[in-house]
1. At a 10 angstrom cut-off on C-beta neighbours, averaged per residue, how do the peptides 115-122, 7-14, 218-225 rank from highest to lowest?
2. Can you work out the Karplus-derived ³J(HN,Hα) for every residue in the range 221-229? Use 6.51 cos²θ - 1.76 cosθ + 1.60 with θ = phi - 60°, whole Hz, and x for glycine or proline.
3. Please tell me the relative contact order of the range 249-314 in percent, rounded to the nearest whole number, where contacts are Cα pairs under 8 Å and at least six residues apart.
4. Of 90/345; 2/114; 69/323; 2/345, which sit over 30 Å apart, Cα to Cα?
5. Out of the DSSP beta bridges found with both residues in the chain, what percent are antiparallel (nearest 5)?
6. Using only alpha carbon pairs under 8 Å that are at least six residues apart, calculate the relative contact order of the chain and give it in whole percent.
7. Report the extension gain between residue 166 and residue 296 in nm, rounded to one decimal, defined as 0.36 nm multiplied by the number of residues separating them, less their alpha carbon distance.
8. Among 193-203, 241-251, 356-366, how do they line up by average Cβ neighbours within 10 Å per residue, starting with the highest?
Amino acid sequence: MKLLQDILVIDFSQFLSGPSASLCLADFGAEVIKIEKPGTGDICRELYVSDVVIDGESSIFHAINRNKKSYTADLKSPDDVIRIIELIKKADVVMHNFRPGVMERLGFDYESVKEINPSVIYASITGYGDEGEWRKLPGQDLLLQSVSGLAWLNNSSNANPTPMGVSVVDMLAGAHLAQGILSLLYQKAVTGEGGSIEVSMLESALDFQFEVLTCYYNDGGQLPARSAVNSGHAYVAAPYGIYKTNDDYIALAMADIIELGALTGCVELAGYTDKKDWFGKRDEIKSVLARHLLNNTTSYWLDCLEPAGIWCSRVFDYEQLTKEEGYQVLNMEVVVKTTNGISIKTTRSPITIDGQHLSGHIGAPGLGEHNNEIDLKFEVGVKPEIIDAK
């Protein structure tokens, strides 16, 4: 499915946030050209988040750069700069995720690019925006989770601040940038005008917490009170959280405490008839429930609770999840192939349109793999006599 067929994206971004946005555009069918430094390329090629190396490069690079093309150019070389300018003239979208000031020094800031291509859509991600004393700090996911309150909000009140196990702020910022790009692509289709989109990772992380921040803003500045027992959400009453059973774990969402006590046979819960206590005495109630749930298996408790409509579930690891029919029917796995013939299993786009998944099968590009193809297709650096000879 080529929903963005004929849309050309020139992508200067590296690592995760920007490339996650251009991955979305590539999955929609746009032609995404990664501009990479000769010799080393996107630093993510060597960003080993595990010991899984595929075709000499990091697994995460392959996961986030499928369906893209690689074009190497030295942005300090006058000849290469001319080539990039020729590509920008033909681009619908130009994007990057450098710190404020970097693209200005390179001569590819929005105003400069707009002079080259007046209808361009220019999209950028920074760590903290382009104003204030934080503007030049590194926009790294763990650091953003930490300063934005996300890490502090996670876990129980007596535990250390705990980051999420994925680069969530990178992915959120990338999703927001892709949304902005798609909205301006619509504007351009209607009016012929492009525009500039700016997303900061900090703003994306704050938007992610709009629910709890709105409570904080309107509660006299009172900090969220995280539960000390099996914490799952700072503003949700008992039993919300994950509990150990005698063989595994069970997740419990919102539920009536009296009904929960009756269904599980936990007689101590019968005394908590005042619903205000379900929050005010949250830790006390959850401690009672935690002790009781240790007396039987996860399967046993699910059999007690699920038929009654209680919101509960198992807690799966990846091995358990991928064996489940509920996972398998989604067909989330896709195999892509690199030019070298290496097959890589990864996840597809989560979007389904008119019953069709957005599933491409082209693996991440080799460094500079598409230079010749792009030069010919877009007549980059081609002498006029060669063009005439065509």
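1. 7-14, 115-122, 218-225
2. Whole-Hz 3J(HN,Hα) from phi for the range 221-229: x, 6, 5, x, 9, 5, 5, 8, 10.
3. Numbers: 53 pairs, mean separation 30.5, N = 66.
Here the relative contact order equals 46 percent.
4. Among 90/345; 2/114; 69/323; 2/345, the Cα-Cα distance tops 30 Å for 90/345; 69/323.
5. Numbers: 16 of 39 bridges.
About 40 percent, rounded to the nearest 5.
6. Across the chain, relative contact order equals 17 percent.
7. Working: separation 130, 0.36 × 130 = 46.80 nm, distance 3.17 nm.
Full extension of this stretch gives 43.6 nm more.
8. Result, highest mean Cβ count within 10 Å first: 193-203, 356-366, 241-251.
No lab work stands behind these numbers, since they all come straight from the coordinates. It should be emphasised that the depicted structure is a prediction, and the values quoted were computed from it without experimental measurement. Don't worry about glycine lacking a Cβ; one is built from the backbone with ideal geometry, like all the others, and counts go over all protein chains shown.
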